[in-house]
Amino acid sequence: MAWVSLWWVWLCAALVLAILELLVPSYIFLGIAVGAAIMAGIVVIFPPLGVSTLMAIFAALSLVSWLVLRRIFRSPDDQTRIVHEDVNK
């Protein structure tokens, strides 16, 4: 899996995921695309990382970027109900 340590592979993955986000707008693929784009920079700066380390960093970056994008694109008048007791009483 030497292709995982190439920076342009991560950049291409980010581009493909961003295009997929345009076709299926759900803000899920955008967070993963941001994580892949950041991984391209990490692979350039720290090239001798192992595959498992790269995948763990990618998963963490994707999760953080998705959470940040979720907060940014959240509707200002979010009408989410929080239920504190059982509704079947």
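Here, each number is a calculation from the coordinates, and none is a lab measurement. Everything numeric here is computed off the predicted structure, so don't read it as measured data.
Odds and ends about this structure:
- Helical content of the chain, expressed as a calculated mean residue ellipticity at 222 nm, amounts to -22000 deg cm²/dmol (DSSP H runs of 4 or more residues, -39,500 (n - 2.57) each, divided by residue number, nearest 500).
- A convex hull fitted around the alpha carbon atoms of the chain yields 147 Å³ per residue.
- Compared with the dominant Cα axis of the chain, that is its longest principal axis, helix 7-23 is turned about 30°.
- C-alpha long axis of helix 28-45 to longest principal axis of the chain, angle in °: 30 degrees
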